[in-house]
Amino acid sequence: MANSLITELFSDFVSLFFPNCCVACSDSLAKGEDLVCTRCILEMPQTNHHKEIQNSLQVRLSNRFELTHAVALFKFAKSSRVQHLLHALKYKNRPEVGIMLGKVLGQRIQDSEMEKSDLIIPVPLHASRKRKRGYNQSAKFAEGLSQKLSVPFSDGILSRKIKTETQTKKSKLNRWQNVSEVFHVKDPLTVRGKRILLVDDVITTGATIEACAHVLKQNGCAEISIVCIAEA
């Protein structure tokens, strides 16, 4: 009991001088809050895609390739809390943010058709970019989903053959030209006949996710559903 009290007091003392900060707004976290403060959780523009049969992402992507479901956790806006969250995940060495967001969305889509997926596959990074960052941010999101849905995930089935330029400032046409024919399924047997949950961090034009979906279909997967952290 005494040791527990001392540990708690020491933790409070450390937090006073080195406070844990919300990764979305940088305010100090209150006791019991983890990674994201309560205010940000309430104010970030979460979607209701998991409750809508024909949501905006589903409609947009289904016009381009065959898919079963499509769900985004947030709506993306520049300079928003969502962008700060994604920036921390991708550029500030905060892989735990991706896992946390995966668990949040996983909780939402439990008991849905997506929970019946056979395999979760993240959009891959080129090996050199993954080495530089230390991890694939979409794979961390997939890891959180996997933990909540009890569906296996693999970051090694789909690979990126060519290191493409960053998509951030590209037009819709240039984005598609940048990603077409750059993805590869290492072993077609791993996806053949499988219901795939394909995972990305942000979907903007949909060029990257479309290219991945086409490659998976060409290698015999049965169906594809899409989930992402944010829809732009």
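Among Glu210, Glu115, a tally of other beta-carbon atoms within 10 Å of each Cβ gives an order, fewest to most, of Glu115, Glu210.
Ranked for footprinting exposure by Cβ neighbours inside 10 Å, fewest first, Ile121, Ile109, Ile41 give Ile41, Ile109, Ile121. Between the beta carbons of Gln147 and Gln54, assuming R0 = 25 Å, the FRET efficiency works out to 0.30 to the nearest 0.05. With neighbour counts taken as other beta-carbon atoms within 10 Å, the residues Leu105, Leu216 rank, fewest first, as Leu216, Leu105. Given the range 45-231, what percent of its DSSP beta bridges are antiparallel, to the nearest 5? Looking only at bridges with both residues in the range 45-231, the antiparallel portion is about 20 percent.
Just so you know, all these numbers are worked out from the coordinates, no wet-lab data involved. Source: prediction; values computed, not measured. Glycine also receives a Cβ, built like all others from the backbone with ideal geometry; neighbour counts cover every protein chain displayed.
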